[in-house]
There are 2 protein chains.
Amino acid sequence: MINKPKIKFINSLKMGKYRKQHKMFFAEGSINVLDFIRNTDLIVEIFAAKEWIEKYSEDIEDELSHEVNEKEMAKITALKNPSEVLAIFRIPEYKLPSSSNIGSIILMLDDIKDPGNLGTIIRTADWFGIKNIICSRHSVDVFNPKVVQATMGSLARLNISYCDLSDWLGNAKEGLGIYGALLNGENINKIEKPKNGVLIIGSEAHGISSEILHFVNKPITIRRSENSQAESLNASIATAIILHSFND
Amino acid sequence: MINKPKIKFINSLKMGKYRKQHKMFFAEGSINVLDFIRNTDLIVEIFAAKEWIEKYSEDIEDELSHEVNEKEMAKITALKNPSEVLAIFRIPEYKLPSSSNIGSIILMLDDIKDPGNLGTIIRTADWFGIKNIICSRHSVDVFNPKVVQATMGSLARLNISYCDLSDWLGNAKEGLGIYGALLNGENINKIEKPKNGVLIIGSEAHGISSEILHFVNKPITIRRSENSQAESLNASIATAIILHSFND
């Protein structure tokens, strides 16, 4: 059972301004919901089919779960094909990594706008062991339901901050490798694999912005096949190929 | 100007059954439309803003273009943010590549269902010089507007066929390398780069189906970072990393 005010509340969380106001978001699907429950203490409430609640009774607290039927789920879901579970979580307070002491690769996203791209980037970063992502202020909100969905649970394991990228990079330690994915950099197959540093990925439409570009001291490129006329790669695809190459 | 029957006709092309019936599809945005006009002879009609028609007057025939305003474009577009051009094309008759004589890498997709994934895979394949993609019959239709959009023009340069994958693979020449992206294959960083063969990518939900799996004679894997708990990679991401690795 789910009452009308709750339906209204969950639907409000589809919009960024209400997520900010309530400091909550929701996730859908077993993988996403369980990864948040198992990796964080952010759970607020669970709405799920009876069978789901029974199946995962060890993972969830009884008083937090509400049984809903398909008709009720259809009223709250953000998916075309609703899953059997939707859960509300508190938005965590992520800590912006210090730019003066970096022991691993930090992924930096300069105005990624497409929710599917951001979600896929987070999922891929998790696969390759990245722990920190820094997004520009105009990037899509990571708690947008489409982003959460595309992360397939990986969102629960990463630290994701939003800040002014120029400010952050301006404070970076001298000598830090700042890699930028460009069309005219060094072939990523030829570079030395970095143990730490920053990898900057530009926006879908405009690439890395000019204010950020001058911080890049290691321009890198994914070589195109000689017989290809393709103009560019999708931002999440470029991120994946570079992170794989760093991970070799 | 665009009349009501034409608006209805274009909207019908958003559905697979009408695309099949009329043997037509539409593309939107300058890159997609121009790549089809410049690479194929499939153009039927163009609907565009006055400025667009003037700018690309050398590429397009006057009698095929119709000036439309933003209000009219909103009635025919499949995009949230309509572009300045939408064009109707004939669906080409792609030729299924022979499985007995393969001189390059053929990409084979086993039930890719998400239009964004298929579009991104086509765009990425084009970047890495792939010329042929073979999809299982239950894969999403390549002329679905969301697929066309995500290809960013690359669809105009590839040969994409649908067939029964088992039949095709059953006729493949003995000794042909049939690579399958799996979770427990050989590390793609360690294998010899193939000059020809088939790369099979499984569906988002189920991976490579059991009927197809037994044809795989080169199981390959994208190594996950040791400290990662991520369960899988998105299908288009896996395709990209493997094609990049083959292209090294």
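We did not get these values from a lab; they are worked out from the coordinates using the rules stated. Values in this document were obtained by computation on a predicted structure and should not be read as measured data. Cβ placement follows ideal geometry from the backbone for every residue including glycine, while neighbour counts extend to all protein chains displayed.
Summary of computed values
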read-out	value
Along principal axes, Cα extents of the stretch B:111-167, largest first, whole Å	30, 22, 14
Most positive-pole-ward Cα, B:Ser236, B:Ser83, B:Ser104, against dipole of chain B from beta carbon charges	B:Ser236
Most mobile listed residue (A:Asp114, A:Asp141, A:Asp62) in chain A, GNM with C-alpha springs under 10 Å	A:Asp62
For B:Lys173, inter-copy label distances in nm, listed shortest first [label point 7 Å out on the Cα-Cβ vector]	5.5
Shortest-first distances to equivalent copies, position B:Ser209, nm, label 7 Å out along Cβ	4.7
Residue of B:Met15, B:Met108, B:Met152 that the Gaussian network model of chain B assigns the largest fluctuation, springs spanning Cα pairs under 10 Å	B:Met15
The protein assembly as shown, dipole about Cα centre (Lys/Arg Cβ +1, Asp/Glu Cβ -1), debye to the nearest 20	420
The stretch B:1-105: GluC sites (Glu not before Pro) in DSSP coil with no more than 12 other Cβ atoms inside 10 Å	B:Glu58, B:Glu61, B:Glu93
Convex hull of the stretch B:127-228 built on C-alpha atoms - directionally averaged projected area, nm²	8.1
Inter-chain shielding of A:150-160 (mean C-beta neighbours from other protein chains, 10 Å cut-off)	2
Ranked A:Trp127, B:Trp168, criterion: other C-beta atoms within 10 Å, fewest first	B:Trp168, A:Trp127
Ranking of A:Ile200, B:Ile91 by count of other Cβ atoms within 10 Å, fewest first	B:Ile91, A:Ile200
Dipole magnitude (debye, nearest 20) for the stretch B:4-90, charges at Cβ of Lys, Arg, Asp, Glu	900
Cα pair count fraction exceeding 40 Å, expressed as % - the protein assembly as shown	26
Candidate lysines - alpha carbon under 19 Å from A:Lys80, same-chain residues fewer than 8 apart omitted	A:Lys8, A:Lys14, A:Lys71, A:Lys146, B:Lys14, B:Lys80, B:Lys113, B:Lys146
Average beta-carbon neighbours from other chains, 10 Å sphere, peptide B:233-246	6
Position A:Pro194, label points 7 Å along Cα→Cβ, spacing to each other copy in nm (shortest first, one decimal)	3.4
Inter-site label distance for B:Lys4 and B:Lys20 at 7 Å from Cα along Cβ, in nm	3.0
Least to most buried among B:Thr221, B:Thr40, A:Thr124 (fewest other Cβ within 10 Å first)	B:Thr40, B:Thr221, A:Thr124
The stretch A:105-247, dipole about Cα centre (Lys/Arg Cβ +1, Asp/Glu Cβ -1), debye to the nearest 20	500
Expected-Rg normalisation [2.2 N^0.38 Å, Cα atoms] applied to chain A	1.11
Within 10 Å of each Cβ in B:111-123, the average number of Cβ atoms from other chains	2
Evaluated at q = 0.23 Å⁻¹: base-10 log I(q)/I(0), Debye formula over Cα of the stretch B:4-90	-1.20
